[in-house]
Each structure stands twice: as C-alpha cells, then as structure tokens.
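**Q** Just dropping this structure here.
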Amino acid sequence: MKKLLCAAGLGLALAVSAGAQAADKIAVVNVSSIFQQLPARATVAKQLENEFKGRATELQGQERDLQTKMQRLQRDGSTMKASERSSMEKDIMAQREAFASKAQAFEQDNRRRQNEERNKILSRIQDAVKKVADSEGYDVVIDANAVAYATNAKDITADVLKQVK
C-alpha cells in the first residue's frame, strides 16, 4: 500500500512539473505604456474635444448667467420687493436644476464616448499582442503592471507598439 501511495505521489509530482514546463515561453507587455505612446490617442482626444466643444461652451454660458443672477439676488435682494425677490429665487432654482441636469447628461455622454474610443484602442493593442505572441511562439503574455517579478520573461512592449502603429 505504501508503494502505491508513493508511486501515486511521484506520478502527481511529475504531472505538475510537466504542466509547469509546458507553458515556459512567457512574455510581458506594458499595455498602459503602449496606450500612452500611441499617436491615435491624441487624435481621438482632439476629436472628442471638438465633438463636445459646443455643448461645453453652452454649459459655461449657462453657468455664468446663473452666477450673475445669484450675485444680483445676493447684492440687491434686500432692497427688492418680496414678490420680485421670490420670483427671482424661483427662476434661479429652475435654472440651477436645468443646468445640473444638462451638466450631468454632458458628463455621462462624454464619459461614454471616451470609454468607447479607449476600448477601440485597447482592442487594437490586444490584437497586436496576440499577433506578436503567435509569431514569436509565446504561450503566455502577461501585462507588466500585473507582475510583481519576472526573471525569464521577455518584454514584447516595443514589438507590440510597432505592430499597433
């Protein structure tokens, strides 16, 4: 019985070590570095800025108008008639609510579009990583930011960057 347990344990140890040796071609890639170095990222940022420029300008104008009215109410509120002050307060509250909802919608749209464009770029990077890994025969490619230490891993960041550009 002891020999059977010993043989099973030895067999298990050999199977585990063979599995570990099967994935011995490992590379690392710094995806965030590639993302930062891509010229497409700056182009997309400019495109998004132009896309949202009109709405941003409109929101800034509404904010200035609202601030002007609030300052006027604060400055002249004590000398106004009660009905006039009440009317102005209601107007300011309505304008503040409208501004807040427009600003929130703007932020959501802007964030959604930025995520869409970022995901497109990351997809291109992922495709390039796969292409480089396939061509160089790597079994595993790990993001460099997720690795605490790697001694035998080859860094393929430069190769992937060339592929994406």
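**Q** Accessible area per residue of the stretch 33-165 at 1.4 Å probe, in Å²?
**A** Value returned for the stretch 33-165: 69 Å² of accessible area per residue.
**Q** Let me ask something else. At 7 Å along the Cα-to-beta-carbon direction for both residue 107 and residue 46, put a label point, then send me their distance in nm to one decimal.
**A** For the pair residue 107/residue 46, the computed spacing is 2.9 nm.
**Q** Between their Cα atoms, which of 53/81; 46/154; 102/165; 53/120; 25/46 are more than 32 Å away from each other?
**A** 53/81; 46/154; 102/165; 25/46
**Q** Quote the charge dipole size of the stretch 42-97 about the Cα centre in Debye, to the nearest 20; the model charges only the Cβ of Lys and Arg (+1) and of Asp and Glu (-1).
**A** Once rounded to the nearest 20, the dipole reads 160 debye.
**Q** Please determine, in degrees from 0 to 90 and to the nearest 10, the orientation of helix 39-76 with respect to the longest principal axis defined by the Cα atoms of the chain, where the helix direction is its Cα long axis.
**A** Between helix and principal axis, roughly 30 degrees.
**Q** Leaving ligands, DNA and RNA out of it, report the carbon-plus-sulfur percent of the accessible area of the chain at a 1.4 Å probe.
**A** C and S atoms contribute 54 percent here.
**Q** Over all Cα pairs of the chain, how is the pair count split among 10 Å bins, expressed in % and running from 0 up to the last occupied bin?
**A** All Cα pairs, binned at 10 Å, distribute as 8, 21, 16, 14, 13, 11, 8, 5, 3, 1, 0 percent.
**Q** Take the chain, connect every pair of alpha-carbon atoms lying under 10 Å apart with a spring to form a Gaussian network, then pick out the residue of 43, 57, 151 with the largest mean-square fluctuation.
**A** Judging by the Gaussian network model, the answer is 151.
**Q** How big is the Kirkwood radius of the stretch 20-68, worked out from every pair of different alpha carbons and given in Å to one decimal?
**A** In the stretch 20-68 this quantity evaluates to 14.9 Å.
**Q** In the neighborhood of residue 98, defined by Cβ-to-Cβ distances under 12 Å, what is the net charge if each Lys or Arg adds +1 and each Asp or Glu adds -1?
**A** -3
**Q** Report the FRET efficiency, 1/(1 + (r/R0)^6), for residue 57 and residue 134, where r is their Cβ-Cβ distance and R0 is 35 Å, rounded to 0.05.
**A** After rounding to 0.05, the efficiency reads 0.15.
**Q** How large is the dipole of the chain about the Cα centre if only Lys and Arg carry +1 and Asp and Glu carry -1, each at its Cβ, rounded to the nearest 20 debye?
**A** Roughly 120 debye, rounded to the nearest 20.
**Q** Taking Cα atoms, how many degrees apart are the long axis of helix 82-136 and the longest axis of the chain, rounded to 10 and kept between 0 and 90?
**A** It works out to around 20 degrees.
**Q** Taking 8 Å as the Cα distance limit and 6 or more residues as the minimum spacing, I'd like the relative contact order of the chain as a percentage.
**A** Worked out over the chain, it gives 51 percent.
**Q** Set the Förster radius R0 to 35 Å, insert the Cβ-Cβ distance between residue 115 and residue 68 as r into 1/(1 + (r/R0)^6), and round the FRET efficiency to 0.05.
**A** 0.50
**Q** Let me ask something else. Among 149, 92, 103, whose Cα projects farthest towards the positive end of the dipole of the chain, with charges put on the beta-carbon of Lys, Arg (+1) and Asp, Glu (-1)?
**A** Sorting the options by dipole projection puts first 92.
**Q** Sticking with this one: May I ask for the angle, rounded to the nearest 10°, between helix 2-22 and the longest principal axis of the chain, with both axes built from Cα atoms and the value confined to 0 to 90°?
**A** On a 0 to 90 degree scale, this one is about 60.
**Q** How long are the three semi-axes of the equivalent ellipsoid for the stretch 92-165, computed from the Cα gyration tensor as the root of 5 times each eigenvalue, in whole Å, largest first?
**A** Over the Cα atoms of the stretch 92-165, the ellipsoid semi-axes are 43, 14, 8 Å.
The values are calculated or read from the model by the stated rules, or taken from the named source; none is laboratory data. The structure displayed is predicted, hence computed values, not measured ones. Positions of Cβ are generated from backbone atoms using ideal geometry, with glycine treated the same way; all protein chains shown enter the neighbour counts. Ligands, DNA and RNA are excluded from the accessible area calculation, which covers all protein heavy atoms including side chains. Shrake-Rupley method; radii C 1.70, N 1.55, O 1.52, S 1.80 Å.
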